[in-house]
1. Give the angle, between 0 and 90 degrees and rounded to the nearest 10, that separates the Cα long axis of helix 164-175 from the longest principal axis of the Cα atoms of the chain.
2. Label segment 159-296 by shape, choosing from rounded, prolate and oblate, from the square roots a ≥ b ≥ c of the eigenvalues of the Cα gyration tensor; if a/c is under 1.5 it is rounded, and otherwise prolate applies when a/b is larger than b/c, oblate when it is not.
3. Relative to the present Cα-Cα distance, how much length would full extension add between residue 147 and residue 313 at 0.36 nm per residue of separation?
4. Between residue 261 and residue 81, take the C-beta separation as r, use R0 = 56 Å, and let me know the FRET efficiency to the nearest 0.05.
5. Sticking with the crude label model, points 7 Å out along Cα→Cβ, report the distance from residue 220 to residue 56 in nm, one decimal please.
6. Any idea how far apart residue 242 and residue 38 come out in nm if each label point goes 7 Å out from Cα toward Cβ?
7. Would you work out if segment 236-297 is rounded, prolate or oblate? Take a ≥ b ≥ c from the square roots of the eigenvalues of the alpha-carbon gyration tensor; rounded if a/c is under 1.5, else prolate when a/b is larger than b/c, oblate otherwise.
8. Can you give me the relative contact order of the chain as a percent, contacts being Cα pairs under 8 Å and 6 or more apart?
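The values are calculated or read from the model by the stated rules, or taken from the named source; none is laboratory data. Quick caveat: nothing in here was measured; it's all calculated off a predicted structure. Ideal geometry is used to build each Cβ from the backbone, glycine not excepted, and the neighbour counts take in all protein chains shown. Just so you know, the surface numbers come from the protein's heavy atoms only, side chains and all, with ligands and any DNA or RNA stripped out. Shrake-Rupley method; radii C 1.70, N 1.55, O 1.52, S 1.80 Å.
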Amino acid sequence: MVDHLLAIDDVNEDFEDILRWAIEFKRLWKQGDEVALNFLPLDTVAVGSIYEKPSTRTRVSFEVGIQRLGGSALTLSKNDIQLGTSETIGDTAQVLSRFLGAITYRCFAHDDVEALAEHATVPVLNALSAKHHPCQAAADLMTILEHHDTTENLTVAWVGDGNNVLHDLMLACAMLGIDIRYACPDGYEPAEDVVARTEAFAKLNGSSVIHTTDPIEAVNDAHVVYTDVFISMGEEHLTDKVQAFDGYQVNKAMVQHMNDRWSFMHCLPAHRGDEVTDWVMDHEQSIVFDQAENRMWAQMSLLTYLVNNGAWAAMKDFMGLV
Ligand code: CP
Ligand code: NVA
């Protein structure tokens, strides 16, 4: 059976190792370590990435990361291929599996990435659907581990829409035993099945999951505050939605309620002046550009894990992570 990454809990069993591998590989690669520089688990492998929506970080981080692992990256804009117009997702999945070692897919409906995975015979990585953004969560938790000494008693607060980014962030936090508090206005809560999965992980790992409609209650003494745009891709017609987010802007007054060592996180792109102010975005405790960079390292780890598990195990051994 092929392993896919449709939501971050698909890699629950090895999630911490995947993140530790990414952190260590990044460190070794940056210091010019020969083994890391010559580690090419995607040698002769082509990875195709289908985009139904625009992307800056996901597209560039996948293309560069795949090349650094010795593979070749093909970016397939939906308008350039037959998907959904004259060919079904299932047929597309079977055809692409004959050429590619893995497929990444950014789509609207989450059902579509599920359908692609069902018919593909190579790993499928969800590069953002309306429901999940697992590659983002892997980079986010990698960044949290880099910036905070311990996950013990660490609280991550979400202030904003109960959207795709929150879904995988809350799952990922609970998978690592990190407390999560999310402030979402009435009517914009995360999906019930994702909350239930998060609560199950939190119970197992002894952490908490708290929902409030009060952003200050969410950020009070928290170590991380995370927000995202109020209107996601595909929701541009919901112009009235922003009214529900009055008081949800992450600004100087809000972060003053946090632990002194607060960090600000955002998946980007940010709408400066809407969900976050320049003061917070540009503050030295904002770690948004580390997050963006870590998309690449986290995805390199995920690709090695999913596409060439043998190489992943060997590198884990080399790095002393076993
Ligand atoms: N955070 C993120 O997925 O960014 P892009 O939309 O630019 O890929
Ligand atoms: N919630 C946003 C995330 C963009 C990276 C969206 O889906 O548009």
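1. Helix 164-175 sits roughly 90 degrees off the main axis of the chain.
2. Values: a/c = 1.42, a/b = 1.13, b/c = 1.25.
It comes out rounded by the Cα gyration axes.
3. Details: separation 166, 0.36 × 166 = 59.76 nm, distance 2.57 nm.
Roughly 57.2 nm would be gained on extension.
4. Numbers: r = 47 Å, r/R0 = 0.83.
Working from the Cβ atoms, E equals 0.75.
5. Going from the residue 220 label point to the residue 56 one covers 3.6 nm.
6. Going by the 7 Å Cα→Cβ label model, 5.5 nm.
7. Oblate, since a/c reaches 1.5 and b/c is not below a/b.
8. On the way: 609 pairs, mean separation 62.6, N = 322.
Once normalised by length, the contact order is 19 percent.
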